[in-house]
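Have a look at the structure below before the remarks.
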Amino acid sequence: MVDRASEEHPERLVNAYLEITADLSFSRSHYPHSRITVYLNNLASALHHSLYRTGRESGWRIVTFWTTELPRIMYASRKELRYSLLVFLISASIGCLSTLNDDMFPRLILGNSYIDMTVDNIERGDPMAVYGDMSPVPMFFYIMMNNVRVSFVIFLFGLLTGFGTGAALFYNGVMIGTFQTFCFQQQAGLESLLAIWLHGTLEISAVVVAGAAGFALGNGWLFPGTYPRGYAFRQGAVRGLKIVVGTTPVFILAAFIESFLTRHTGMPDAVRGGFILLTLAFVLFYYIYLPKRLNHEHPSKPKNPVLPDTDV
């Protein structure tokens, strides 16, 4: 990486420099007279020189953040993403089973007024009429701001060692599972799937990704590993913040779809189903396939690093 510093992405150089300096600090504390300490010091010096020689970042920085940097961060956070998805799926299942076993459970979770309104819409033949109650433009801004707020709240709850993030994910999952099951009980299941997941595929996926950001924040200081707790916390916070900022365009697009498209419940089922599959393909490509591909092409660390002889 030092030899090809001029070709490397600045973010990779920064991350490498932070890792090397942390390792150097550890080595100086435990093995002050080892040759590995000298080796790490030389690497840190070379990276420091390369970083301060690169000058201003390219104007394409805003583009490369979403095309390369964020997918690589998502690959590094794949465990947190799995945990977030698992919590959400379990909570949605709990909402589903609770609704099947207790008719009053949906009213407890969603409120009497919302349930009564949904029942009334179903009886009038338009189960998802709620999406047309507000004008599209103010609805778009309201939903966009609310979704972004929720994502940052889920992320900041990671300060509570990740349990806060898990609780927020759990609550959202229970609501989804409860409402979908309730609609199926009212013979409006297919319509609810086509309407809700038209925008919900992006929206719920972004919520799960925000949960991964919260877990990254919490794990940073809860499980620092061999790094100092403060350093590990800062690294987790930066990684989580980049992830949650990266969800903002997804929430904006989901809000646009919910405000301007979901209200048109008369669209053919095939069109809505195809659109849902299209957004699902985007989510799987961007958050699963692309991170793996970029890591395969440019791995963050060599598989078999060659180190000099050392007496450690």
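The values are calculated or read from the model by the stated rules, or taken from the named source; none is laboratory data. Predicted model only: the values in this text are computed from it and were never measured. Backbone-built Cβ (ideal geometry, glycine too); neighbour counts: all protein chains shown. For accessibility, only protein heavy atoms count, side chains too; no ligands or nucleic acids. Shrake-Rupley method; radii C 1.70, N 1.55, O 1.52, S 1.80 Å.
Of all positions in region 53-60, none carries a residue that is surrounded by 12 or more Cβ atoms within 10 Å (Cβ to Cβ) and assigned to a helix (DSSP H, G or I). Among the residues of region 117-154, those that are hydroxyl-bearing (Ser, Thr, Tyr) and surrounded by 12 or more Cβ atoms within 10 Å (Cβ to Cβ) comprise THR118, TYR131, TYR142, SER151. The requirement of being touching a Gly at 6+ places or on another chain (Cβ under 9 Å) and open to solvent by less than 60 Å² (accessible area, probe 1.4 Å) is satisfied by GLY220.
Taking the condition within 13 Å of the chain's Cα centre (by Cα) and at pLDDT 95 or above, does VAL208 pass? Answer is yes for this residue. Residue pairs whose Cβ atoms lie under 8 Å apart, separated by 6 or more positions or on different chains, with the first residue in region 185-208 and over 16 Å from GLY274 (Cβ atoms) and the second part of a helix (DSSP H, G or I) and among the acidic types (Asp, Glu), are GLU203/GLU258.
Among the residues in region 103-126, are any of a type in the set (Ser, Thr, Tyr), touching a residue at least 12 places away in the same chain (Cβ under 8 Å) and farther than 17 Å from ALA195 by Cβ? No - not one qualifying residue is present in region 103-126. Restrict the check to region 75-98 and report whether at least one residue is farther than 30 Å from PHE163 by Cβ, charged (D, E, K, R) and surrounded by fewer than 17 Cβ atoms within 10 Å (Cβ to Cβ). No: zero hits. Scanning region 1-18 for residues that are of a type in the set (Val, Ile, Thr) and not in a helix (DSSP H, G or I) yields a single hit, VAL2.
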